[in-house]
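Everything on this sheet refers to the single structure shown next.
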Amino acid sequence: VEALDETQFGLTEAAASNNNEQQFVHLVQTALTQSRNEAQLQNSILNAMSKFLPDITVPDECKRVGSMYAFLQQFIGAIPENWFEFRERNTRNMLDLIWKKYIYQPAWLDSTVPKFRAGSGAQGLFVKTTSRPDCVAVIASARDPSNGNVTENDIMFAEIKNDEKYHGEDALNQEVCYLMLLLYWYKSVLGLDVKKVRGFFVCGPRCQHTKGRKRERLGEENYRNNRYEVGLIELHAVESVGALHVAKTFTKIYPCENTTGLLHLCRFLNGSDGWNKIRECNPIPNPFPALFCAPPDFLSQVGAMDGCHVVPGGTMAVVLSCLGAKSVNEAIRLTRSGLIARAKQKWGKFLEDPKNATKRFYFKVVTAATTGIFYKRTLLTDLETLVGDLAFTYPINAISWKDDVYAVLMMDRGKHLCDVIPTGKLIAGDELIKKFKVLWEDTTWIQKETDYVHGDIGEHNLLHDGERDKYCLIDWDEAAITPHSRSTINDDERMRHPEVLRFDHLLYTEVQLALLYFRLKCQYCDGNKWDPSTAKLDDADTGDEDTLGKYRMLLNTEVAIQKAEKKAIKTAAEAVVQRAKAQLNFD
């Protein structure tokens, strides 16, 4: 983060240069001193933006958007069909990563604060999947000099606080999280080449302006102290695949009678020379790993490459499909320089082998921000020689650089099972049992040999290897010695990622395998729809109880942290596993 001094704005005194600036500053200054609550201050600032800043558009329906992603439908229009699945899963993933400190957090991104709202489900974070910014504005950031028409727009998020429970750090944390998600959605989900996103916050006199994180209730004379705080944030896309974000911020507290901070905000919103002058300064940046680690022109660069394309799917990592070693080398050249050198050293001989000239590979670049696994070790950087079925998926070990980015090379192992089986067709139960039993044995053997737990066994990571006529799991590159804690919001996630079983590694893996088997049997053998919330495993012939229903019910209880409940959940999970093993003819 570039810590910027206000003198770098080119403003040595609070002097407005035109009538619009004067009126904007006067209206907001009046609101700061007279607003009785947060809503009044929010409305006043939004009205001032709409009336007096000609480059700003703040539609009424976006002043209090229904959710933090609703603005996209307003301004971009076309939303992918699987948009809601993407935003739900990946928003929660990002929140998990920040909360677990898998992101190398700048000092000001302090998200490990206590819960301030009971039942928020976000582990104390100020951004949740249902969070919404106080304002979404469109800024005309570039115009055609010949006719004045807008040629480029920025979308900006705003946070406006005026309550004793908030501190300026809260608003900054929230704003940065919003911008990280906004840049990720732009690039990864919508596939747009975006250079930067912007945001700001204002904290009024009723907010806390004391140092530290304690939320002790302050007296009227302390928190209503006639001061306000302004924060300006700009987050840039990375310069190369796997490179680091750089955030620029400016924050300062002012007396309400001092309008300098309001002028900074005004000129920042208008995209004037003030912020450009900041960009010309050369302070020391504090970078951090990117959620979607690709530069603004990444999509066009890949589009110009022969035999190479981006693999879609809303993933936080960058995945390219490359036909032949030549395409892999071209993809590597898009990455940060240190990774290029490491690939040449570690992968050079493999890629020069004539046998690999026409094979299809998947080139994956992951940062510490996109996965909770990567610190200094992964399964594919820890092992000297890949074992078992892993060797067919990963022909060579992964490479890493500076402990914040690594790259993986994968062989094409076929298609997802749902793509192999034609619509309306079924597979024989005996065939499923035979192939799934081998998958079960392969998976548990790899875990035993390497001490790494796959952690995310599910249909989305299951492929059918046509060449070997077997099922195989992908995403072993994100395996961990202990499965990572995940936030879960539905029955499927709770059953597949039971928090109380994370340290029982074998049972954690086997219950995921059992659930996957029952899902496949239901969908592809019986021809029924699998619903994790209602699925049963009762047996009319034997009179066995609904073992899956019991397991699901126990995980839904609020007291699952107690010792007795942990034991009950473990027993229920073991029963589900035994039912699956019995059908798969394990001894």
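The values are calculated or read from the model by the stated rules, or taken from the named source; none is laboratory data. The structure displayed is predicted, hence computed values, not measured ones. FYI the Cβ positions are ideal-geometry reconstructions off the backbone, even for glycines, and counts take in every protein chain you see. Calculation scope for accessible area: heavy atoms of the full protein, side chains included, ligands and nucleic acids excluded. Shrake-Rupley method; radii C 1.70, N 1.55, O 1.52, S 1.80 Å.
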- Task: Filter segment 404-450 down to the residues that are among the small types (G, A, S) and touching a residue at least 60 places away in the same chain (Cβ under 8 Å), then identify the one that is surrounded by the fewest Cβ atoms within 10 Å (Cβ to Cβ).
- Result: A428
- Flagged pairs (Cβ under 8 angstrom, 6 or more apart or on separate chains; first in segment 37-52, closer than 15 Å to V136 by Cβ; second in a helix (DSSP H, G or I) and of a type outside the set (D, E)) are I45/V28; I45/A31; M49/F24; M49/L269
- Over segment 480-498, the set of residues among the charged types (D, E, K, R) and either on the phi > 0 side of the Ramachandran plot or touching a helix residue (DSSP H, G or I) at 6+ places or on another chain (Cβ under 9 Å) (or both) is R486, D491, D492, R494, R496
- Among the residues of segment 521-531, is there at least one that is of a type in the set (D, E), buried (at least 16 other Cβ atoms within 10 Å of the Cβ) and more than 25 Å from G414 (Cα to Cα)? no
- Query: Filter segment 306-358 for residues that are of a type in the set (S, T, N, Q) and more than 22 Å from D404 (Cβ to Cβ); which is nearest to the chain's Cα centre (by Cα)?
  - Reply: S321
- Message: Filter segment 394-437 down to the residues that are among the β-branched types (V, I, T) and more than 22 Å from the chain's Cα centre (by Cα) and list them by number.
- Response: I396, I399, V420, I421, T423, I427, I433
- Note on the structure: Within segment 342-385, of all residues that are modelled with pLDDT under 85 and basic (K, R), the one surrounded by the most Cβ atoms within 10 Å (Cβ to Cβ) is R377
- Note on the structure: Over segment 233-242, the set of residues open to solvent by less than 10 Å² (accessible area, probe 1.4 Å), under 23 Å from G338 (Cβ atoms) and assigned to a strand (DSSP E or B) is L235, V241
- Extreme residue, surrounded by the most Cβ atoms within 10 Å (Cβ to Cβ), among residues of segment 1-46 that are under 21 Å from E257 (Cβ atoms), at pLDDT below 50 and in contact with a helix residue (DSSP H, G or I) (Cβ under 8 Å, 6 or more places away or on another chain): F9
- Message: What's the number of the only condition in (1) in a helix (DSSP H, G or I); (2) over 26 Å from the mean Cα position of the chain (by Cα) that L516 fails to meet?
- Response: (2)
- In segment 453-495, the residues that are crowded, with 22+ Cβ neighbours inside 10 Å and part of a helix (DSSP H, G or I): W476, D477, E478, M495
- Checking A171 against (1) closer than 30 Å to L299 by Cβ; (2) at pLDDT 70 or above, which single condition isn't satisfied? (1)
- Of (1) at pLDDT 80 or above; (2) open to solvent by less than 40 Å² (accessible area, probe 1.4 Å); (3) touching a Pro at 6+ places or on another chain (Cβ under 9 Å), H245 fails just (1)
- If you check every pair at least six apart or on different chains, which have Cβ atoms under 6 Å apart with a residue in segment 381-403 that is without any contact (Cβ under 8 Å) to a residue 24 or more places away in the chain and within 24 Å of L462 (Cα to Cα) first and a residue that is part of a loop (DSSP other than H, G, I, E, B) and open to solvent by less than 40 Å² (accessible area, probe 1.4 Å) second? L386/Y394
- Task: Among residues belonging to segment 287-337 that are at pLDDT 90 or above and on the phi > 0 side of the Ramachandran plot, point out the one that is least open to solvent (accessible area, probe 1.4 Å).
- Result: G324
